Amino acid sequence: MRATRLLAAAALLAALLAVSAAAAKLDLDEVDDSEVLEALLAVDEEEEDAAPPGGGGGAEAVRRTQSMVLVLDNDNAARAVRDHPELLLLGYAPWCERSAKLMPRFAEAAAALRAMGSAVAFAKLDGERFPKAASTVGVNGFPSVLLFVNGTEHAYTGLRTKDAIVTWVRKKTGTPVIRIESKDSAEELLKKGQTFALGLFKNYEGTDHEEFMKAATAENEVQFVETNDRNVAKILFPGIASEEQFLGLVKSEPEKFEKFDGAFEEKEILQFVELNKFPLITVFTDLNSAKVYSSPIKLQVFTFAEAYDFEDLESIVQEVARGFKTKIMFIYVDTAEENLAKPFLTLYGLEGDKPTVTAFDTSKGAKYVLEADINAKNLKEFSLSLLDGTLPPYFRSEPVPQEEGLVEKVVGRTFDSSVLQSPHNILLEAHAPWCVDCEAISKNIEKLAKHFSGLDNLKFARIDASVNEHPKLQVNNYPTLLLYPAEDKTNPIKLSKKLSLKDMARFLKEKLQISDVEIKEKLQTPNIETVAAADNVKDEL
């Protein structure tokens, strides 16, 4: 058991080291919370085993740790939820990489909440070691962040950052809005460098203020701030003029200030915050990936480049992005982060060996690639075409093949000419290199091609549909056999992959009205190798 726990400790060691430096930078006023950070990060060993005989300092440290952080197990999990009006719980597994990445952020959030005087209790649960407890409190995966308010469970699904977690907890525990009443408090808020929505209300009352409060409660990620002092508000948002009432968004990026011009209604305020909370260029990370995917901005332009290359492109992308705010989301992906970049690049069939710009329309699932040089003019035209719907979608394709054979290799770029525009009947095999069943089907197609070789009205073709795309080719599984009749290429006939070689030959002869005499006549050719090969197939048929 102890060996297992030591392995678990090693799995989370990176998290502990990562937070050590972060803890030193936390602004926790006069409260020293280094111990709560360590308590949250420590893997659940039998701490008393490490204490000196007879108790002493070791036992005291254990008691102090237990008073800060509840370590849940099968015996106390349900009681902890029941006994604490507000309980913030981290459910993790020692082997889980995502748990290791989240743990420092969770610890920082917990320490910050404690410094603010929050009444929330903190707990952690090794869900692998205590599966019964995990099931009892609702830890269904790793990592899980759960907040229990009077026994009611709230699952956290937001950005995995300290500020986002703190904001969410405060809102769920009755503090949806922070009231700023002095210039010093305003300056302190700005130092934190977090995104917040600022409301200026003369008397903190009225229908507009009520809608502001509703939006603040509903929006789980962005902190809402209010003041009734215009001079204080101008420190936070210098662009305020003589407005008696004002709402704006303050961000920590070059485009720092966004003014709200809509009606003071909950729905409009929430939409304003949702559309404007991302920066001009969002740097794609593990922490914000879920929010990028679920963004209400459906048109997204991605720049893939290593960091040193993006330094030369950043000002260009910012300049263009500024003209498409709230309409197109601009995202940067560092290609050195293979776990982030590779899935995207594979989707486009690109290598990522040089800076590349792509786009995606999440409402239609359509993808696009900027195939011109990356400069301000080309990027702006690319974005305009994306916005007005005139940008042609991009489909993956291998290079145009040079070799020929009885079974023609088709790629995305040649699908039109080789299949749809061909005057012949085309039997197309769609396959994938990793497909277990494809090899047998491919052999049968080659045998059929030899058997029917020489016929003017029938051609055989093959496409690797895992790396070649075309809007008229929809393949859901492999292998797929499609017969494109010469007279109607818009309605291909799907053949069952369970058909035997004889059944396929019989189907083709009946469907295309090919007689044995016609096949025999076409084989009267001086090409002895072709005749011999066809005769061998004929024996099988």
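The values are calculated or read from the model by the stated rules, or taken from the named source; none is laboratory data. Note that the coordinates shown come from a computational prediction; the quantities given were computed from them, not determined experimentally. Counting neighbours? That spans all protein chains shown, and the Cβs are built from the backbone with ideal geometry, glycine included. When the accessible area is computed, the model is the full protein with side chains, heavy atoms only, and any ligands, DNA or RNA have been set aside. Shrake-Rupley method; radii C 1.70, N 1.55, O 1.52, S 1.80 Å.
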*Name every residue in region 425-459 that is of a type in the set (F, W, Y) and open to solvent by 10 Å² or more (accessible area, probe 1.4 Å), in order of residue number.*
W434
*If you scan region 246-267, which residues turn out to be open to solvent by less than 70 Å² (accessible area, probe 1.4 Å) and not aromatic (F, W, Y)?*
L247, G248, L249, V250, K251, E253, E255, E258, G262, A263, E266
*If you check E210 against the conditions, is it exposed (fewer than 15 other Cβ atoms within 10 Å of the Cβ) and either modelled with pLDDT under 90 or touching a His at 6+ places or on another chain (Cβ under 7 Å) (or both)?*
no
_When you scan region 470-486, do you find a residue that is outside the structural domain of L350 (by the TED database), out of contact with any strand residue (DSSP E or B) (no Cβ under 8 Å at 6 or more places or on another chain) and either within 15 Å of K409 (Cα to Cα) or not in a loop (DSSP other than H, G, I, E, B) (or both), even just one?_
yes
_Kindly evaluate E268 against the criterion of being part of a helix (DSSP H, G or I), at pLDDT 95 or above and either in contact with a helix residue (DSSP H, G or I) (Cβ under 7 Å, 6 or more places away or on another chain) or within 18 Å of E221 (Cα to Cα) (or both)._
yes
*asked:* Consider region 271-290. How many of its residues are under 19 Å from A376 (Cα atoms) and part of a strand (DSSP E or B)?
replied: 2
*Out of all the residues in region 207-241, which are of a type in the set (A, V, I, L, M, F, W, C) and touching a Ser or Thr at 6+ places or on another chain (Cβ under 6 Å)?*
V222, A233
*Can we say A134 is over 15 Å from L89 (Cβ atoms) and assigned to a helix (DSSP H, G or I)?*
no
